Each structure stands twice: as structure tokens, then as C-alpha cells.
1. Please list, ordered by first then second residue, the pairs with beta carbon atoms under 8 Å, 6 or more apart or interchain, first in segment 215-230 and more than 18 Å from M188 (Cβ to Cβ) and at pLDDT 95 or above, second crowded, with 20+ Cβ neighbours inside 10 Å and not hydroxyl-bearing (S, T, Y).
2. Mind checking whether some residue in segment 170-177 is surrounded by fewer than 19 Cβ atoms within 10 Å (Cβ to Cβ) and either at pLDDT below 95 or part of a helix (DSSP H, G or I) (or both)?
3. Taking only segment 110-146 into account, find how many residues are touching a Phe, Trp or Tyr at 6+ places or on another chain (Cβ under 9 Å) and either away from the ligand (no atom under 12 Å from the Cβ) or open to solvent by less than 30 Å² (accessible area, probe 1.4 Å) (or both).
4. Which one of K199, K195, K214 is within 30 Å of R254 (Cα to Cα), within 14 Å of the ligand (Cβ to nearest atom) and not polar (S, T, N, Q)?
5. Being over 20 Å from A274 (Cα atoms) and of a type in the set (K, R) is the filter here; which residues of segment 187-229 pass it?
6. So, of the residues in segment 30-47 that are more than 11 Å from the ligand (Cβ to nearest atom) and either hydroxyl-bearing (S, T, Y) or touching a helix residue (DSSP H, G or I) at 6+ places or on another chain (Cβ under 8 Å) (or both), which turns out to be farthest from I208 (Cα to Cα)?
7. Answer yes or no: is there a residue in segment 244-256 that is closer than 29 Å to A139 by Cα and without any contact (Cβ under 8 Å) to a residue 24 or more places away in the chain.
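The values are calculated or read from the model by the stated rules, or taken from the named source; none is laboratory data. This structure is a prediction, so every number in the text was calculated from the model and none was measured. When we count neighbours, we look across all protein chains shown, and the Cβ atoms used for this are built from the backbone with ideal geometry, even at glycine. For the accessible areas, the whole protein counts, side chains as well, though only heavy atoms, and no ligand, DNA or RNA atoms are used. Shrake-Rupley method; radii C 1.70, N 1.55, O 1.52, S 1.80 Å.
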Amino acid sequence: MEEKKVIFSGIQPTGTFTLGNYLGAVKNWGPLQEQYNCIYCVVDLHAITVRQDPAKLRQNTLNSYALLMACGIDVEKSVLFIQSHAPTHPMLSWVLSCCTQFGELSRMTQFKDKSQRHPDDVNAGLFTYPVLMAADILAYNADLVPVGIDQKQHLELARNIAQRFNQRYGDYFTVPDAYISEVGAKIMSLQEPTKKMSKSDENPNACILILDDKDTIIRKFKRAVTDSEAEVCCREGKDGINNLMTIYSIFTGRSFDEITSDFAGKGYGDFKLAVGEAVADGLEPVRTEFARLVQDKAYLKKCYTEGAEKALKISSRITSKVYHKVGFVDNR
Ligand code: TRP
């Protein structure tokens with residue numbers, strides 16, 4: 001029997017996901033569990049590259065963990081863990097950083113953006129962030145990495161690092177491929193639909209959080225920016241409507257043509273309400289399951305402890321091999 005391929009992905013511990021994170025990534029992670037060996041990680045080590053309040057970071061990490069479970073990641077089928085519980089990642093990261101050029105890291109657009117946004121804290125961790133991300137992936141010899149478009153450059157770097165290591169020390173790492181799912185849609189801001197939906201948007205109406213309650217979700221959709229026509233159809237220039245149609249289509253399974261005929265002759269108000277209701281109802285099970293999980297601290301702890309054990313088992317073996325290959329004295 002052919003071995004299942006390994007999928008690895010990490011998600012930032014923001015505590016809640018936007019509708020964009022959900023539809024573009026997390027929602028698609030559940031179904032992958034049947035076909036692949038999936039390893040998912042809440043990346044708290046990455047999070048401290050920007051200043052964090054310690055108590056909030058801890059809370060957000062736990063909430064993110066519970067939320068991933070609520071979104072359909074099954075701890076029996078997948079490895080789900082917290083990054084800081086696996087010291088193998090920073091151990092491997094050091095070796096990989098010695099296979100990474102200063103120039104390569106300087107070209108990372110996310111580094112350039114973030115250092116412009118936080119000019120008072122351009123720390124070394126922010127700079128080497130992509131190396132740690134490469135270590136996350138390579139510590140499991142992952143074949144596939146589901147990432148959004150904004151992480152493609154980092155994944156490309158991880159591939160280059162893997163190839164360079166393989167050239168220097170003999171083939172060892174699997175060179176990971178991006179896993180771009182056909183359904184993983186890019187969701188835009190509800191207020192400025194040419195921009196990606198982002199939690200950091202100053203306008204709270206721009207972004208749906210998946211733990212928003214029904215009324216909030218509907219209110220935000222009612223205020224969504226559209227255009228001055230009154231036709232629900234997908235066309236260039238109708239960014240707001242195109243975005244709402246994408247969202248509605250994912251939640252209802254209706255095609256764009258069907259949506260257009262469903263709403264023929266109706267105003268945008270009706271359409272926005274329908275989108276809001278579809279989203280709120282679609283997210284209801286996630287909210288309910290999340291509320292249940294965060295109550296049950298002992299169970300959560302059991303899950304992330306076991307997750308860390310499984311992650312360590314795989315990544316320790318790979319990290320030891322790497323340490324041997326680069327010429328460190330074996331310690332076993
Ligand atoms: N850098 C990713 C992000 O900001 C998160 C991440 C960390 C990740 N390690 C990873 C994603 C490994 C995929 C694989 O979204």
C-alpha cells in the first residue's frame with residue numbers, strides 16, 4: 001500500500017479566525033485528513049516576532065487550538081499541536097539558518113512590510129521567521145503545505161533551503177510543494193473589496209470573525225460596500241458583489257449563474273441579508289463546538305499534550321538525522 005503523503009500547515013494564534021482564514025484555509029483542512037497524514041500547528045513561536053501581551057498570547061493560543069478542533073480537525077486523525085511544545089523546530093531552524101543567505105531573507109516581502117509597520121522593533125526573529133517556518137515543514141518531511149498566496153514566497157524559500165541542504169549533505173529532505181486547493185477562495189474586505197479581508201483592518205465592519213454572533217454577522221454584511229448598479233452578477237469591477245457571491249456560493253453550494261437568477265429583480269439589500277444568514281447559520285456549529293471545548297480545559301490539555309507527543313516523535317527522529325548529517329556528535 002502506498003504511504004499517505006504528509007501535509008503540514010501552521011496557523012497564527014490570533015484566537016479567532018477571519019472568514020477569510022476559514023474559507024481560504026482552515027475549512028479545507030478537515031477533509032484533507034482522510035487522504036493525508038495531516039500535521040497542524042498553532043505557531044506561537046512565530047507570533048512573538050511582533051510584540052505580544054503574554055497572558056493574551058497564552059489565551060489566544062489555546063483558543064486557536066480549540067477553534068481548529070471546532071472547525072473539524074480531529075485529533076485522532078491528525079497531529080494537532082502547539083509549536084512551542086516542540087523544541088525540535090528551533091533546533092532544526094538553527095541548522096537551516098546556516099543554509100540560508102542574508103540576501104534571501106532580505107528579499108522577503110513580508111519582512112519588508114512588517115519592518116515598515118514596526119520600525120521600532122525590527123528584531124532578528126522577524127528576519128529569520130521564514131527559516132523557522134521552513135523548519136516547521138521540514139521537521140516532518142512534509143510533501144504538501146496548504147498556504148495562502150501571501151505565504152508562497154516563504155514556501156519557495158523553504159524549498160530552496162531543503163534543496164541546498166540536500167546538495168550539501170546528501171538527499172534527505174522532501175522538497176515540499178504548495179497545496180493550493182481549488183476551493184480555497186480568497187475573501188476580500190467587506191469595506192474595501194479590492195483588499196484582502198484582514199483582522200487588523202481598522203474598520204471592524206470590514207472583517208467577519210468566525211466567532212461573531214449571528215446579529216453581528218448580519219449587520220456587517222448589511223453594511224458591505226457594493227456598487228451603484230443593482231444587479232447580482234459576477235463581473236469585472238463589481239468587486240464587492242463578486243466577493244459576496246463567492247462567500248454565498250461556498251456556504252450554499254449555489255453556482256454564480258444560479259445566484260444571479262435567484263436574485264434577478266431583487267435589490268442588494270435582499271442579497272446581503274441572504275449572505276449574512278447563510279454565513280451565520282453555516283458558522284453556528286463551529287461557534288457551538290468552540291464554546292463547548294473551551295469549557296473543557298482538561299480535555300483540551302489532554303489533546304494538546306498528546307499532539308505534542310506525536311509531533312515530537314516524528315520531528316525528533318528527523319532532527320537527530322539532520323544533526324548527524326551535519327557532523328554533530330551523536331548523543332544517544
Ligand atoms: N507563516 C504562516 C502565516 O503567517 C504560518 C506558518 C508558520 C506556517 N509555519 C508554517 C504555514 C508552516 C505553513 C507551514 O500564515
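1. The qualifying pairs are I218/G276; I218/A280; R219/G276.
2. Among the residues of segment 170-177, not one is surrounded by fewer than 19 Cβ atoms within 10 Å (Cβ to Cβ) and either at pLDDT below 95 or part of a helix (DSSP H, G or I) (or both), which makes the answer no.
3. First, the residues of segment 110-146 that are touching a Phe, Trp or Tyr at 6+ places or on another chain (Cβ under 9 Å): 110-111, 114-115, 122, 126-127, 129-131, 135-146.
Within this subset, residues satisfying the condition of being either away from the ligand (no atom under 12 Å from the Cβ) or open to solvent by less than 30 Å² (accessible area, probe 1.4 Å) (or both) are 115, 122, 126-127, 129-131, 135-146.
Of the residues in segment 110-146, 19 are touching a Phe, Trp or Tyr at 6+ places or on another chain (Cβ under 9 Å) and either away from the ligand (no atom under 12 Å from the Cβ) or open to solvent by less than 30 Å² (accessible area, probe 1.4 Å) (or both).
4. Working: K195 fails: within 14 Å of the ligand (Cβ to nearest atom); K214 fails: within 14 Å of the ligand (Cβ to nearest atom).
Just a single option satisfies the conditions, and that option is K199.
5. K195, K196, K199
6. Filtering segment 30-47 down to residues more than 11 Å from the ligand (Cβ to nearest atom) leaves 30-38.
This time we only want the ones that are either hydroxyl-bearing (S, T, Y) or touching a helix residue (DSSP H, G or I) at 6+ places or on another chain (Cβ under 8 Å) (or both), so: 36, 38.
Working: Y36: 30, C38: 27 Å.
Taking the candidates together, the pick is Y36.
7. Step one: of segment 244-256, the residues closer than 29 Å to A139 by Cα are none.
Within segment 244-256 (the criterion being closer than 29 Å to A139 by Cα and without any contact (Cβ under 8 Å) to a residue 24 or more places away in the chain), the answer is no, since none of the residues qualifies.
Condition check ((1) among the small types (G, A, S); (2) within 20 Å of the chain's Cα centre (by Cα)) across all residues:
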{"site": "G125", "(1), (2)": "yes, yes"}
{"site": "L144", "(1), (2)": "no, yes"}
{"site": "H154", "(1), (2)": "no, yes"}
{"site": "F165", "(1), (2)": "no, no"}
{"site": "K186", "(1), (2)": "no, yes"}
{"site": "E192", "(1), (2)": "no, no"}
{"site": "E202", "(1), (2)": "no, no"}
{"site": "K220", "(1), (2)": "no, no"}
